[in-house]
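For reference, the structure discussed in these notes is given below.
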Amino acid sequence: MDLLGLETGAFWTVTNLALYKMNLLLSCGVARAMNFVSNICSLVAFIILGHVNFTIGLMMGVLLMVGSYTGAHSAIHFGNKFIRPIFTVVVSVMAIKLAIDAWL
């Protein structure tokens, strides 16, 4: 399974941290906005090509919104001390998964 789509937000977050010297919370928010715009553009392209399963897409969208709502409120409530270790673990696991998929 290709996980590249899942890492896009994490890589944008790291890029914002490195290039624009944003704090982690702002960087996560900007990365989510960038991810949203790219997803809308992809959706339009796939609708035009007729490659969209609307039933699965709507279910995934609802669950994504629930997860995003929960994550955003947790980040705002608990701050950087909560986000940084979780972010580090998730990005590390995804990087290891990509390396295993690429080399093994």
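The values are calculated or read from the model by the stated rules, or taken from the named source; none is laboratory data. Keep in mind that this is a model prediction, so the values were computed, not measured. Every residue, glycine as well, gets a Cβ built from its backbone with ideal geometry; the counts of neighbours run over all protein chains shown.
Here are the numbers for the structure shown:
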| item | result |
| --- | --- |
| Residues of the range 11-25 satisfying the condition of being free of Cβ contacts under 8 Å to residues at least 40 places away in the same chain and surrounded by 14 or more Cβ atoms within 10 Å (Cβ to Cβ) | Phe11, Trp12, Thr15, Asn16, Leu17, Met22 |
| Residue within the range 55-68 that is polar (S, T, N, Q) and modelled with pLDDT under 90 present | yes |
| Unique match (being touching a residue at least 60 places away in the same chain (Cβ under 8 Å), surrounded by 10 or more Cβ atoms within 10 Å (Cβ to Cβ), aromatic (Phe, Trp, Tyr) and in contact with a helix residue (DSSP H, G or I) (Cβ under 8 Å, 6 or more places away or on another chain)) among Phe87, Phe82 | Phe87 |
| Residues of the range 27-65 that turn out to be surrounded by 13 or more Cβ atoms within 10 Å (Cβ to Cβ), closer than 30 Å to Gly79 by Cβ and of a type outside the set (Gly, Ala, Ser), as a count | 6 |
| Positions within the range 1-31 being closer than 30 Å to Ile100 by Cα, of a type outside the set (A, V, I, L, M) and at pLDDT 85 or above, in sequence order | Trp12, Thr13, Thr15, Asn16, Ser27, Cys28, Gly29 |
